[in-house]
Amino acid sequence: MDDQEAIHVTLVKYESGLGVPGIMPPQISNSVEIRAAPNGGQIVRQTFENNRPGSKQTGELSVDSAATVLNLVTQLTALPVSSERGGPDVFGANTVVLVRQGKQVVWGYNPGAGCTAGPDAETEFTVSSDHKAQFAEIISNIYQAGETAL
């Protein structure tokens with residue numbers, strides 16, 4: 001698998017608190033790193049407890065699962081995203097997303113948390129309820145495609 005053609009998807013799921021102002025950082029639930037290309041891919045899933053790494057699982061994505069992830073990334077990149085750093089969790093999914101190809105960021109969603117999500121981080125960026133539903137479905141399907149390899 002040529003790393004230049006591979007798509008890297010990073011999902012960080014928070015229990016709560018993402019995009020909410022405050023002193024305490026949000027609690028990380030798990031992270032998923034997927035590397036997908038037309039001929040397959042890999043997944044690494046890391047759990048967290050009290051924001052400390054817990055168990056780690058790795059697996060190989062089948063060609064079909066990798067194709068599913070690549071298709072879902074295409075759908076994800078069609079969604080609007082703010083060019084501002086931080087701000088509220090407008091998709092409401094408590095999930096940070098980063099999609100890269102090689103070293104190039106293809107799409108990213110990283111709402112602020114803690115002090116970065118305060119009143120100075122207010123944004124005009126909003127999404128429709130359809131976009132929220134699409135985001136939730138795409139992220140859920142990416143998780144499901146990866147889970148088949150674990």
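Any read-out appearing in this document is the output of simple, stated calculations on the displayed coordinates, not a laboratory observation. The model shown is predicted, which means the values in this text are computed figures rather than measured ones.
Across the range 5-85, Cα pairs under 8 Å and at least six residues apart give a relative contact order of 23 percent. Between THR148 and TRP107, the contour length at 0.36 nm per residue exceeds the Cα-Cα span by 12.4 nm. Sequentially through the range 107-112, phi angles give Karplus couplings (6.51, -1.76, 1.60; θ = phi - 60°) of 7, x, 9, 9, x, x Hz, Gly and Pro residues having no value and appearing as x.
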